[in-house]
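Enquirer: Can you read through this structure? Questions will come right after.
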Amino acid sequence: MPTPSIRPVSAREQTTVQPRPEHVSELPYPIADDYVKDWTSGRALVELIANALDEDPHTVVAWKDGVLTIHDQGPGIPRTGLLLGASRKTSEQIGQFGEGKKLAALVLARDPRIGTVQFDTVGYSFTPVLKPSTYLTDVPGLDDGRQTLVLHYEYWTTNRERGTLITVACPQKVAEDAVSRVRYLNNPAYRPPQDRAEIILDGQPGRIFVGGILVSIDSRLAASYDLPLTTAKGEQNRDRTIVDGVALENHIRSALAASADPDVIARFVDRALNGPRLSAAETYFEYVSDFAVRRAFREHAQTLWNDDEVYHNAAGTAVEDELHLQGRGVTCVTSKLSRSPHSALMRLLGIRPVSEALAHHDRQYPKTQWLRPDQVSAERRRTLDLASAVFRSIFGLDSLGKVKVYREDEASTRYCTSGIYLSATDVTGVKESTLDDLDGTLRVVFHEGGHRRAAREGYLNSSDRSEGFELAMTDMGGRLLRLVTSPEPRSLPLLDAMAWQGVPLPPGAYMADATDLRGRRQNQPTVAQIRRAKRLQAAPEPRRLLAGLAEQRITAVLRERGLRSAGRALSTVAWTTAQWQLIVNPHPAGYRRSGGFTCIPDYRRAAALAELLGLHAPVLYLGHIAVEGPLYNVRRGSTPADGAWKKPLSEHMPTVVSDLRGLGGPYAARADAVEAMYQGRTPYDAEGAWQRPVTELLNAEKDRLNR
């Protein structure tokens, strides 16, 4: 670390040392010479400098010709304050700089490297010296034979009217060491931290300051920190030389977790990935919750890797998996962290685990082994066609989608053991071994037909034990029971003509024409489209308009950036695909999940997405959240009432309105109406007429984008 230069003597007032008269008065002070053993002369000088700065922020500190001068223009040292311990410091200042001038004087007096020390203040001057004591002469008890030295003040009267001048004869190195410990003297623009610790990246790492005063150095740290005086003063030891370990860790983690400074993030990510190992206090990644910080991590990740081809090494992953991925040009990122903070850091950077990389590159699990019709025996094909015909005769010719046979499934534990329904391709699969038994085949066809029915009717979840699946099965069971009341014979539509060639058809069966069925399948919407249409129908108008704008813009963003998926684009602004679904597949107003999240009330998060999509942030935010205004943080089951919106929405809305006014044009024209909405001056109505200003903003945004 370069040695800080000491300021030259100021020209504002000539520093004049008061001459010492031949005869002086003497006052012993009962402090033993070995008191505060941990204090050094540098620490004592810091005490004196800090006290002077406390009295006068323009204090002059200079070293010349072997003498360090500390000169302030404060009111001086009252004799009662020096001798009796009284103080004019406020409650916030008490304890900031150790135990006072008297202890600094003691430490300087006992150091053989230090020459004469003189204090010139208003009305008097004094010099601290150590002399033998007679205090204990008359005290009964054992005498250990040691000579006791105590602090004495040799003082005399002067005509000084203001300020304090302290002169200390000392080596230049001692003086410069003391000055380097005081941030005030090395940075004229210094302002002490108030709410949380300041992170210092410049200079020697590991320095711990309290209110600008260096108190300790920890070589394990990657940065230095200046702790706020108001909280840290009570967390130091008696000598004010160290800060309590747990308290120090809390200060450091809190400051780091709240920092979106790219330089701070870059330093600690580099240390975490490449070493040397971070200290426990600076392993803070699990404590980051602020969106602005999370986004800053994502932006930093973009400078390091092509995120489409980067995955991290999760604990316990086989080495051969990594070699396989590296052979395909995929970067596997490791770190020097233990498992939990490692995972937290990777989430902040938007890097997926190796397990997802393996799935992405089609290696870990075998694909479903589908069979061609000619690979299945004719008898099994007839069993499947008959079971399917029974189901179709009741629920419709296209009630099963495309029916196929498979031998092995890629992950059968995630599906039913003898059948699967793939909603993305509308395929109903039956396991080959099931086809040896007609009853078993009927059970599988009925079960998978229930999954398809739930999916095609737009339920959000159609898996086993889900509400959508149970409702579909209940409906199908009701239709079967209704057949009991009308037992007329039913025709069974068979579709596999090759399987029945040369074999008599079962009673009531006939060969159906599948030509029209194939055309109908090609034109039908996908399950995802059905579900989205159902959700959009239930969503309020502002959210429907926003969903259309978002879909339009994400398509353009993917094309412009050459990305393959919306998830990769969203990751760059710290959004997840689950959060994105709230925008493009919106909920009705007031919808609440039993777990997870149902809306995004954070304006900063909305602004990040708006920046990605090229939308105006207040328009996107209002389109998503305004419908929640009268409902958010209102007890469930109660009727929304006119009134100001509650937190956290009310905290963001002043900024939203200000941003609208800043946009000008049609946006600024509706700022007053939006302000009236969130302040509760717009009457709420269940039909949604109160949302008109938001709808108009979204239409204005649509017009802007389509011009």
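The values are calculated or read from the model by the stated rules, or taken from the named source; none is laboratory data. From a predicted model like this one, the values you see are computed outputs, not experimental measurements. Reconstructed Cβ throughout: ideal geometry from the backbone, glycine too, with neighbour counts over all protein chains shown.
Enquirer: Taking the residues in region 101-127 that are closer than 16 Å to Leu165 by Cβ and assigned to a helix (DSSP H, G or I) as candidates, determine which candidate is modelled with the lowest pLDDT.
Expert: Going through the qualifying residues, I end up with Lys101.
Enquirer: Turning to a different aspect of this structure: Tell me the helices (runs of 4 or more DSSP H) entirely within region 462-581 that contain at least 2 residues that are loosely packed, with under 13 Cβ neighbours inside 10 Å and of a type in the set (Lys, Arg). Even if it seems obvious, please write down each step before you answer.
Expert: Working: elements: 467-484, 515-523, 527-538, 541-561, 566-571.
Because the criterion is at least 2 residues that are loosely packed, with under 13 Cβ neighbours inside 10 Å and of a type in the set (Lys, Arg), the helices (runs of 4 or more DSSP H) in region 462-581 that meet it are 467-484, 515-523, 541-561.
Enquirer: Same structure again: Give me the pairs, please: first residue somewhere in region 501-524 and over 26 Å from Thr425 (Cβ atoms), second residue anywhere and modelled with pLDDT of 90 or more and among the aromatic types (Phe, Trp, Tyr), beta-carbon distance under 9 Å, and either six or more positions apart or on two chains.
Expert: Ala509/Trp500
Enquirer: Counting just the residues of region 281-311 that are farther than 27 Å from Asp602 by Cα and in a helix (DSSP H, G or I), which one comes out farthest from the chain's Cα centre (by Cα)?
Expert: Glu309
Enquirer: Among the residues that make up region 180-193, is at least one of them more than 50 Å from the chain's Cα centre (by Cα) and either surrounded by fewer than 20 Cβ atoms within 10 Å (Cβ to Cβ) or of a type in the set (Lys, Arg) (or both)? Spell out how you get there, then give the answer.
Expert: Let us first name the residues in region 180-193 that are more than 50 Å from the chain's Cα centre (by Cα), namely none.
No, region 180-193 contains no residue that is more than 50 Å from the chain's Cα centre (by Cα) and either surrounded by fewer than 20 Cβ atoms within 10 Å (Cβ to Cβ) or of a type in the set (Lys, Arg) (or both).
Enquirer: Among the residues of region 438-461, what is the count of those that are free of Cβ contacts under 8 Å to residues at least 60 places away in the same chain and not in a helix (DSSP H, G or I)?
Expert: Residues that pass the stated criteria total 1.
Enquirer: Somewhere in region 407-417, is a residue surrounded by 14 or more Cβ atoms within 10 Å (Cβ to Cβ) and at pLDDT 90 or above?
Expert: Step one: filter region 407-417 for residues surrounded by 14 or more Cβ atoms within 10 Å (Cβ to Cβ), giving 409-410, 412, 415-416.
This time we only want the ones that are at pLDDT 90 or above, so: none.
The answer is no, given that none of the residues of region 407-417 is surrounded by 14 or more Cβ atoms within 10 Å (Cβ to Cβ) and at pLDDT 90 or above.
Enquirer: Mind checking whether some residue in region 426-437 is assigned to a loop (DSSP other than H, G, I, E, B) and among the small types (Gly, Ala, Ser)? Please lay out each step first, then the result.
Expert: Step one: list which residues in region 426-437 are assigned to a loop (DSSP other than H, G, I, E, B), which gives 426, 437.
Narrowing further to those that are among the small types (Gly, Ala, Ser): none.
No.
Enquirer: For region 686-700, enumerate the residues that are surrounded by 12 or more Cβ atoms within 10 Å (Cβ to Cβ) and either farther than 18 Å from Asp672 by Cα or among the hydroxyl-bearing types (Ser, Thr, Tyr) (or both).
Expert: Gly688, Thr695
Enquirer: Which residue is modelled with the lowest pLDDT, if the candidates are limited to region 664-707 and must be part of a loop (DSSP other than H, G, I, E, B) and at positive phi?
Expert: Applying the filter and picking the extreme gives Gly688.
Enquirer: Examine region 76-94 for a residue that is out of contact with any Phe, Trp or Tyr (no Cβ under 6 Å at 6 or more places or on another chain), closer than 21 Å to Asn51 by Cα and modelled with pLDDT of 90 or more, and state whether such a residue exists.
Expert: Within region 76-94 (the criterion being out of contact with any Phe, Trp or Tyr (no Cβ under 6 Å at 6 or more places or on another chain), closer than 21 Å to Asn51 by Cα and modelled with pLDDT of 90 or more), the answer is no, since none of the residues qualifies.
Enquirer: Another question, if that's okay. Out of the residues in region 32-59 that are under 42 Å from the mean Cα position of the chain (by Cα), surrounded by fewer than 23 Cβ atoms within 10 Å (Cβ to Cβ) and among the acidic types (Asp, Glu), state the one that is nearest to Lys131 (Cα to Cα).
Expert: Asp38
Enquirer: Can you find a residue that is hydrophobic (A, V, I, L, M, F, W, C), surrounded by fewer than 21 Cβ atoms within 10 Å (Cβ to Cβ) and at pLDDT 90 or above anywhere in region 228-243?
Expert: no
Enquirer: Quick check on my filter: what residues within region 37-81 are assigned to a helix (DSSP H, G or I) and either out of contact with any strand residue (DSSP E or B) (no Cβ under 7 Å at 6 or more places or on another chain) or among the charged types (D, E, K, R) (or both)? It would help to see each step written out before you state the result.
Expert: Taking region 37-81 as the starting set, the residues that turn out to be assigned to a helix (DSSP H, G or I) are 41-55, 79-81.
Hits for region 37-81 are Ser41, Gly42, Arg43, Ala44, Glu47, Asn51, Leu53, Asp54, Glu55, Arg79, Thr80, Gly81.
Enquirer: Something else now. What are the pairs, 6+ residues apart or on separate chains, where a residue within region 653-682 that is within 17 Å of Tyr603 (Cβ to Cβ) has its Cβ under 6 Å from a residue that is of a type in the set (Ser, Thr, Tyr) and exposed (fewer than 14 other Cβ atoms within 10 Å of the Cβ)?
Expert: Matching pairs, first to second residue: none at all.
Enquirer: Exactly one condition in (1) in a helix (DSSP H, G or I); (2) at pLDDT 90 or above is false for Leu615; which is it?
Expert: Exception for Leu615: condition (1).
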